[in-house]
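S.K.: Structure in structure tokens, see below.
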Amino acid sequence: MNWLQQLPVPVQTVGLLIASNCFMTFAWYGHLRSQANSAWYVAAFVSWGIALFEYLLQVPANRIGHTEFSVAQLKILQEVITLGVFAPFAVVYLDQPLKWDYLWAGLCMVGAVYFMFRSG
């Protein structure tokens with residue numbers, strides 16, 4: 001991971017959060033398709049195993065990010081990334097229709113980012 005440490009802190013943080021969110025989204029929602037016929041507790045244990053990889057990326061992302069960002073800034077980054085990962089996942093993997101509501105939610109998130117980062 002030495003190459004990762006050479007990247008700027010914001011790049012490290014966002015990159016790790018994106019990867020973490022890919023695991024998180026699949027852990028939270030992937031079972032709706034991949035384990036639809038399994039008992040809920042089987043899906044829960046499989047999801048829990050996937051979520052381990054989320055935490056292995058998310059914890060370092062927040063520790064690295066906290067050297068330059070406030071906790072509130074880290075949280076809003078997480079939420080924006082979550083929406084950015086979730087929307088394509090829902091459309092591509094779960095065959096959900098793409099709705100204008102994704103755009104409106106994204107615009108609200110842009111506003112939230114503005115307010116969280118405007119005063120540093």
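Any read-out appearing in this document is the output of simple, stated calculations on the displayed coordinates, not a laboratory observation. These numbers come from a predicted model, not from an experiment. Counting neighbours? That spans all protein chains shown, and the Cβs are built from the backbone with ideal geometry, glycine included.
S.K.: Starting from the Cα of Lys99, step 7 Å along the direction of its Cβ; do the same at Val59; then give the gap between the two resulting points in nm.
M.R.: Going by the 7 Å Cα→Cβ label model, 3.6 nm.
S.K.: How many angstrom separate the Cα center of region 26-48 from the Cα center of region 70-110?
M.R.: 21 Å
S.K.: Using modelled amide H (1.01 Å from N, peptide plane; none on Pro or chain starts), what sits under 5 Å from the amide H of Gln96, excluding residues fewer than 5 places away?
M.R.: Those qualifying (amide H under 5 Å, at least 5 residues apart or on another chain) are Val91.
S.K.: Here's another thing I want to ask about it. About its Cα centre, what dipole magnitude does region 7-117 give when the only charges are +1 on Lys and Arg Cβ and -1 on Asp and Glu Cβ, stated in debye to the nearest 20? Please list the in-between numbers first.
M.R.: Numbers: 4 positive and 5 negative charges, 14 e Å.
Dipole of region 7-117, to the nearest 20 debye: 60 debye.
S.K.: Highest mean first, what order results for 88-99, 22-33, 6-17 on Cβ atoms within 10 Å? It would help to have the intermediate numbers written out before the result.
M.R.: Working: 88-99: 12.7, 22-33: 17.9, 6-17: 16.0.
Ranked by mean Cβ neighbours within 10 Å, highest first: 22-33, 6-17, 88-99.
S.K.: Based on DSSP H runs of at least 4 residues, each adding -39500 (n - 2.57), what is the mean residue ellipticity at 222 nm of the chain after dividing by all its residues, to the nearest 500 deg cm²/dmol?
M.R.: Value at 222 nm, helices only: -26000 deg cm²/dmol.
S.K.: Taking square-rooted eigenvalues a ≥ b ≥ c of the alpha carbon gyration tensor, is region 1-68 rounded, prolate or oblate, where a/c under 1.5 means rounded and, failing that, a/b exceeding b/c means prolate?
M.R.: Details: a/c = 3.58, a/b = 3.21, b/c = 1.11.
Prolate.
S.K.: Rounded, prolate or oblate, given the Cα gyration tensor of the chain, with a/c below 1.5 counting as rounded? Let's see the in-between values first.
M.R.: On the way: a/c = 2.50, a/b = 1.35, b/c = 1.85.
Because a/c hits 1.5 or more and a/b fails to exceed b/c, the chain counts as oblate.
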